[in-house]
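Working notes, structure below.
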Amino acid sequence: MAKHSDEYLSRRFQQIMEVLYAKERATAAEVEEALPGSPTNSTVRTQLRELESRGLLRHSVEKGKFYYEPTRPKPSAAVAAMQRFLQTFVDGSVEKAFVTMLSAKETDLTDIDLARLREIIDEAEQKGK
């Protein structure tokens, strides 16, 4: 089996992985429909096979349809993506990452969200002592 990898993925391969993580599993037609730019069906199928050969996807067959899903659990993939984000965009700084997330346009934190974030920070502080 190919390596389970944190290797660089092209934009299109990354988009495919994002679709599959969001849907948890999908057919090639469902992936094709979710991708921007109207890729051809044959291109999407080729890219799915390539991602599978890299060990990033697996497929199962149900009623004659191929269903693709990521091989790495979502939480594990999230940790790897966050580590890449930290190193690439904020020089490994959790503080800068936090500020970036809070300043994101789509971020509307409720009082409940803020209270939970304070609890998480307090817990981290207690672990550090």
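For residues that are assigned to a helix (DSSP H, G or I) and in contact with a helix residue (DSSP H, G or I) (Cβ under 7 Å, 6 or more places away or on another chain), scanning just the stretch 44-68, find the one that is farthest from Q14 (Cα to Cα). Quick ask: steps written out before the conclusion?
Of all residues in the stretch 44-68, those assigned to a helix (DSSP H, G or I) come to 44-53.
Narrowing further to those that are in contact with a helix residue (DSSP H, G or I) (Cβ under 7 Å, 6 or more places away or on another chain): 44-45, 47-48, 51.
On the way: V44: 12, R45: 15, Q47: 11, L48: 11, L51: 10 Å.
Across the stretch 44-68, the extreme among qualifying residues is R45.
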In this structure, is V79 modelled with pLDDT under 95, open to solvent by 60 Å² or more (accessible area, probe 1.4 Å) and hydrophobic (A, V, I, L, M, F, W, C)? yes
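Residue under question is R12, and the condition is that it be surrounded by 14 or more Cβ atoms within 10 Å (Cβ to Cβ), of a type outside the set (A, V, I, L, M, F, W, C) and in a helix (DSSP H, G or I); does it hold?
Yes.
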Among the residues of the stretch 94-115, write down those that are in a helix (DSSP H, G or I) and closer than 20 Å to V79 by Cα. V94, E95, K96, A97, F98, V99, T100, M101, L102
Residues satisfying the stated conditions in the stretch 24-43, i.e. exposed (fewer than 15 other Cβ atoms within 10 Å of the Cβ) and not in a loop (DSSP other than H, G, I, E, B): A29, E33, N41, S42, T43
Identify all residues within the stretch 82-99 that are open to solvent by less than 80 Å² (accessible area, probe 1.4 Å) and of a type in the set (S, T, N, Q); write none if there are none. S93
Could you grab the pairs with beta carbons closer than 9 Å, sequence gap of 6+ or different chains, first residue in the stretch 55-75 and polar (S, T, N, Q), second one surrounded by 14 or more Cβ atoms within 10 Å (Cβ to Cβ) and assigned to a strand (DSSP E or B)? S60/F66; S60/Y67; S60/Y68; S60/E69; T71/L57; T71/R58
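The values are calculated or read from the model by the stated rules, or taken from the named source; none is laboratory data. This structure is a prediction, so every number in the text was calculated from the model and none was measured. Glycine also receives a Cβ, built like all others from the backbone with ideal geometry; neighbour counts cover every protein chain displayed. Ligands, DNA and RNA are stripped out before the accessible areas are found, and what is left, the full protein with its side chains, is counted by its heavy atoms. Shrake-Rupley method; radii C 1.70, N 1.55, O 1.52, S 1.80 Å.
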